[in-house]
Amino acid sequence: MTEQNIENKDRRQFIDTVSKILGATASAVLLSGASVQHAFAFKGLSASDQFLNKQMLDTLIALSDTVLPQTSTPSASQVGCHDFVQSQLVKVHGSPRVEECKLLIRGLDTTSQNDHDKAFYLLNQTQKLALLTTIENSPGNPLHGSLSFIKSLIVFGYFTSKVGASQVLRYQAVPGGFKGSIKIDENTPGWGSLDFY
Amino acid sequence: MTEKLYINETKEEFDAIVVGSGITGGWAAKEFCERGFKTLMIERGRVVEHRKDYTHENKPVWQLETRSKVPNLLTEQQHKVQAECYAFTDATKHFFGNDRDLPYSTEKDTKFTWIRGNQLGGKSLLWHRQSYRMSEFDFQNNKLDGEGNDWPIRYDDLASWYTHVEKHVGISGEKAGLKQLPDSVFQPPFELTQAEKDVQAKLAKLYPDRPLVMGRTAHLTQPTSYQIQQGRVTCQARNECQKGCSFGAYFSTQSSTLPAAVATGNLHIAPNSVVESLIYDETTKQVKGVNVIDNETLTTREYRGKVVFLCASTLGSTQILMNTKTPSYPNGLANRSGVLGHYLMDHCYNAWSNGELEGYDDEFYSGRRPTGIYIPNFQYTPSKYKKGYKRGYALGGSAYRDNWKIGLGQKGFGAEFKDSLTKPGKWRFNFYAQGEMLPKFENQVSLHPSKKDKWGMPQLHFNVTWSDNERAMMEDAADTCREMLVAIGAKNINSWTSTDGAAPGLAIHEVGTARMGRDPKDSVLNGYNQAHDINNLFVTDGSAYCSTATVNPSLTFMAMTARAVDYCVTEMKNRRI
């Protein structure tokens with residue numbers, strides 16, 4: 001299912017539910033309002049706001065996909081987490097965090113060059129995992145805090161993306177009620193729709 | 001809504017003026033309008049139309065430009081206080097006040113968190129919707145243990161008014177027959193999870209004085225024909241209430257009281273009208289109306305009415321009274337007692353505990369329940385007080401499964417890490433305490449002697465702190481919750497207090513400052529929310545409170561307001577007002 005189809009499905013589900021429950025008149029009032037008009041107009045980071053050069057972006061993509069690799073579901077970069085991280089840093093967190101991200105990426109590449117004589121994104125998956133795990137398990141490492149922060153942005157970006165929330169997990173736009181007990185098995189995904197994000 | 005609903009300039013003298021459009025303002029307007037009174041509702045903020053102005057409703061998180069996070073710079077500059085509220089997100093921030101325009105000050109080394117909702121509907125759009133009756137004990141404890149003044153009313157005075165408002169509002173819950181938590185008129189309760197049912201059964205055996213009930217909440221689960229006629233339908237369990245609800249499933253001014261008032265043809269609304277003070281006639285000893293500053297143009301105007309109901313929120317109403325200085329009342333209107341602004345209270349939500357529950361691997365839930373479990377105060381009368389502090393606390397909480405958000409702070413990388421975040425996680429059970437704050441004269445709000453806001457109104461100045469009583473109560477609550485979690489078999493339990501971190505105000509249950517009382521020498525209002533010395537002035541929001549009790553206050557605000565309107569109308573008909 002394409003991203004546009006997912007959007008349309010959510011929109012249809014909401015409209016159908018509202019129409020079914022409230023009737024045509026009320027749903028017409030609702031749909032003429034701002035809520036639905038605004039609901040499908042996401043804007044990403046403009047090109048001029050992007051702050052990473054090509055190699056740094058490659059490193060961020062490699063970092064994203066080491067945190068959340070492709071399995072039976074898409075990887076972090078496949079749902080655009082590297083773009084989300086940049087966008088969120090600029091729009092929400094501000095300059096100090098942007099600089100922290102740059103330092104992390106440079107630091108990962110420097111460490112990688114020192115240990116393996118190549119850039120981080122060129123390492124194999126085992127090497128990347130080992131390098132990141134070493135940093136994560138070393139609270140005194142100068143990259144420890146920034147890795148933790150950027151990793152949390154990658155996870156947040158992944159599971160709040162359209163694919164992450166509605167395909168990797170299950171998304172209920174309009175649950176229709178609360179059931180206190182449903183049976184699941186070990187393969188049942190969790191909910192991507194939460195009360196507060 | 002009709003074209004004449006919203007007004008600006010008018011020379012009309014209204015039968016009733018209601019200042020504020022939140023939970024109490026909506027109720028006052030509805031009750032007056034349904035009794036045939038030409039009523040003016042005055043709102044300081046903008047108009048918010050039901051459905052049409054819920055701009056972020058049902059917007060999936062990925063459609064939000066910052067995925068619900070508010071930019072740090074914007075928060076710092078405009079929403080530093082409001083951002084402390086759990087419900088403040090990028091998708092709800094337009095229903096919260098802008099701190100830049102709403103300054104206030106605090107005494108050195110104190111903090112007060114003042115959450116604002118200045119728009120038509122006020123905080124009824126933002127509230128947490130928990131709805132409980134106060135009990136006979138709650139109205140007696142001031143007298144019995146000597147803290148605060150004696151409430152001039154008892155449970156029996158309000159019981160029929162609780163019933164009156166509950167039938168209109170729609171409260172989901174289950175009858176429990178508890179004298180410390182009287183039953184309401186209920187629609188069916190939300191379901192407990194299987195884990196919660198088991199905890200409920202264990203607690204019933206281990207702690208018979210601490211019954212666990214489903215949280216009672218102002219959500220429709222089986223709407224009446226009248227509610228359906230109003231365009232209100234069954235809750236869909238989205239739990240995105242603070243964005244506004246087009247289903248009208250939770251009670252708000254917009255979904256419930258406003259359409260009822262509008263339907264009478266007796267309502268007018270003056271939006272963008274900041275009430276600066278009341279117009280007081282020294283000869284008749286009555287209020288004649290209100291002085292208003294336009295929210296946008298800062299021009300001034302007056303509105304005239306036969307009676308005035310202040311429903312502008314606890315602090316808003318008290319600010320208006322304090323800012324109305326007359327020869328007879330140089331320290332604030334209706335303040336002959338000198339207690340106006342004093343005895344400010346809030347609830348103390350500062351003890352927490354959670355633990356893991358084993359098993360239930362094949363159990364999950366569907367939908368987002370807009371309420372949790374509730375254990376009413378089990379120290380509800382002096383004979384049940386613990387050593388070291390007075391009064392008690394209720395417990396809220398729930399059983400839930402961890403979700404992907406644990407990955408925001410969890411170690412790990414790669415496929416295994418990803419898989420662990422994709423599946424429902426461990427079951428946990430959490431408790432939080434909702435403690436009573438004692439009424440203290442020294443907990444005060446006053447007008448700042450020099451600082452003013454953009455409308456020229458003196459800013460409020462707060463001097464409020466938790467007392468040793470609240471601190472001791474929260475320490476005990478954290479220990480008690482831990483003990484209860486151990487007893488039900490939870491593992492890896494954490495318990496903590498946050499009394500030093502979460503200041504008064506953050507519960508958004510601020511009450512007191514214009515309290516009721518039997519004696520005009522130590523109170524502002526009588527038992528009908530009527531000013532002791534000004535018979536056509538009523539204050540029916542939380543400022544009238546004499547104590548906080550432990551239950552969420554909004555349902556009682558509604559019942560007191562409806563009762564006060566009924567009394568006022570009777571008094572007017574009998575020409576005593």
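Values quoted throughout were computed directly from the atomic coordinates according to the rules given, and no laboratory measurement underlies them. Because the structure is a prediction, the values reported are computed rather than measured. Every residue, glycine as well, gets a Cβ built from its backbone with ideal geometry; the counts of neighbours run over all protein chains shown.
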Legend entry - Net charge of neighbours whose Cβ lies under 11 Å from the Cβ of A:Ser146, counting Lys and Arg as +1 and Asp and Glu as -1: +2
Legend entry - Only Lys, Arg (+1) and Asp, Glu (-1) charged, at Cβ; the protein assembly as shown dipole about Cα centre in debye: 920
Inset, instruction - Return A:Ser75, B:Ser467, A:Ser64, B:Ser543 ranked ascending by Cβ neighbour count within 10 Å, so the fewest neighbours appear first. - result: B:Ser467, A:Ser75, A:Ser64, B:Ser543
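First select every other residue whose beta carbon is under 14 angstrom from the beta carbon of B:Leu408; then total the charges, Lys and Arg +1, Asp and Glu -1. Please list the in-between numbers first.
Working: positive: A:Lys151, B:Arg67, B:Lys69, B:Lys405, B:Lys411, B:Lys418; negative: A:Glu136, B:Asp402.
Net of charged neighbours comes to +4.
With +1 on each Lys and Arg Cβ and -1 on each Asp and Glu Cβ, how big is the dipole of the range B:3-573 about its Cα centre, in debye rounded to the nearest 20? Display every interim value, and only then the final one.
Working: 67 positive and 66 negative charges, 90 e Å.
Using only the charged Cβ atoms, the result is roughly 420 debye.
Using DSSP to define loop residues, name the trypsin sites (Lys or Arg not before Pro) in the range B:1-42 whose beta-carbon has at most 13 other beta-carbon atoms within 10 Å. It would help to have the intermediate numbers written out before the result.
Numbers: sites: B:Lys4, B:Lys11, B:Lys30, B:Arg35, B:Lys38; in loops: B:Lys4, B:Lys11, B:Arg35, B:Lys38.
Those satisfying the criteria are B:Lys4, B:Lys11.
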Inset, instruction - Rounded, prolate or oblate: pick one for the range B:5-50, where a ≥ b ≥ c are the square roots of the eigenvalues of its C-alpha gyration tensor, a/c under 1.5 means rounded, and failing that, prolate if a/b is larger than b/c, else oblate. - result: oblate
Legend entry - Antiparallel bridges, percent of DSSP beta bridges restricted to the range B:3-573 (to nearest 5): 70
Inset, instruction - Enter the mean number of other protein chain beta carbons within 10 Å of the beta carbon of each residue in A:80-93, as an integer. - result: 3
Legend entry - Cα pair distances in the protein assembly as shown, grouped into 20 Å bins until the bin that holds the longest one, percent each: 16, 47, 31, 6, 0
Inset, instruction - Return the average number of partner chain Cβ atoms within 10 angstrom of each residue Cβ along peptide B:238-248. - result: 4
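Looking at this model, which pairs from A:Lys151/B:Lys59; A:Lys179/B:Lys426; A:Lys179/B:Lys175; B:Lys30/B:Lys452; B:Lys30/B:Lys521; B:Lys30/B:Lys123 are more than 28 angstrom apart at the alpha-carbon?
Values: A:Lys151/B:Lys59 26 Å; A:Lys179/B:Lys426 19 Å; A:Lys179/B:Lys175 20 Å; B:Lys30/B:Lys452 34 Å; B:Lys30/B:Lys521 33 Å; B:Lys30/B:Lys123 17 Å.
Listed pairs above 28 Å: B:Lys30/B:Lys452; B:Lys30/B:Lys521.
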Inset, instruction - Identify all aspartates and glutamates with a Cα-Cα distance to A:Lys54 below 16 Å; exclude those on the same chain that are fewer than 8 residues away in sequence. - result: A:Asp83, A:Asp109
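So which of A:Lys162/B:Lys197; B:Lys38/B:Lys93; A:Lys183/B:Lys405 end up more than 29 Å apart by C-alpha?
Numbers: A:Lys162/B:Lys197 34 Å; B:Lys38/B:Lys93 34 Å; A:Lys183/B:Lys405 22 Å.
Where the Cα-Cα span goes over 29 Å, the pairs concerned are A:Lys162/B:Lys197; B:Lys38/B:Lys93.
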Inset, instruction - When a/c is below 1.5 the answer is rounded, else prolate if a/b is larger than b/c, else oblate, so apply that to the range B:407-485 with a ≥ b ≥ c taken from the square roots of the Cα gyration tensor eigenvalues. - result: oblate
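Would you order B:Tyr155, B:Tyr280 from fewest to most other beta-carbon atoms within 10 Å of each residue's own beta-carbon? Working shown, then result.
Numbers: B:Tyr155 18, B:Tyr280 21.
Least crowded to most crowded, the residues run B:Tyr155, B:Tyr280.
Using alpha-carbon pairs under 8 Å, 6+ residues apart, how would you state the relative contact order of the range B:3-573 in percent? Walk me through the numbers before you get to the answer.
Numbers: 1322 pairs, mean separation 123.5, N = 571.
Relative contact order comes out at 22 percent.
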Legend entry - Hull-based mean projected area of chain B, where the convex hull spans the alpha carbons, in square nanometres: 26.1
Legend entry - Distance in nm between pseudo-label sites at B:Asp209 and B:Gln410 (7 Å out along the Cβ direction from Cα): 3.9
Legend entry - Cα-based shape type of the range B:232-327, given that a ≥ b ≥ c are square roots of the gyration tensor eigenvalues and the cut on a/c is 1.5: prolate
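Please give the net charge around A:Leu89, taking every other residue with its beta carbon less than 14 angstrom from that of A:Leu89, where Lys and Arg add +1 and Asp and Glu add -1.
Numbers: positive: A:Lys91, A:Arg97, A:Lys102, A:Lys151, B:Arg67, B:Lys69; negative: A:Asp49, A:Asp83, A:Glu99, A:Glu100, B:Glu65.
Result for the local shell: +1.
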Inset, instruction - Give the residue from B:Ser131, B:Thr497, A:Leu57 lying farthest towards the positive end of the charge dipole for the protein assembly as shown; charges sit on Cβ (+1 for Lys and Arg, -1 for Asp and Glu) and the dipole is referred to the Cα centre. - result: B:Ser131
Legend entry - Computed FRET value (nearest 0.05) for B:Gln222 with A:Thr133, which takes r as the C-beta separation and R₀ as 56 Å: 0.55
Legend entry - 10 Å Cβ neighbours from other chains, averaged over peptide B:435-443: 0
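May I ask you to sort B:Leu421, A:Leu103, A:Leu147 by Cβ crowding, counting other Cβ atoms within 10 Å and putting the fewest first?
Numbers: B:Leu421 24, A:Leu103 13, A:Leu147 19.
Arranged by neighbour count, lowest to highest, B:Leu421, A:Leu103, A:Leu147 become A:Leu103, A:Leu147, B:Leu421.
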Legend entry - Farthest toward positive dipole pole in the range B:3-573 [+1 Lys/Arg, -1 Asp/Glu at C-beta], among B:Gly355, B:Gln530, B:Thr548: B:Gly355
Legend entry - Across B:Lys108/B:Lys440; B:Lys306/B:Lys454; B:Lys143/B:Lys167; B:Lys143/B:Lys179; B:Lys111/B:Lys451, pairs whose alpha-carbon gap is larger than 24 Å: B:Lys306/B:Lys454; B:Lys143/B:Lys167
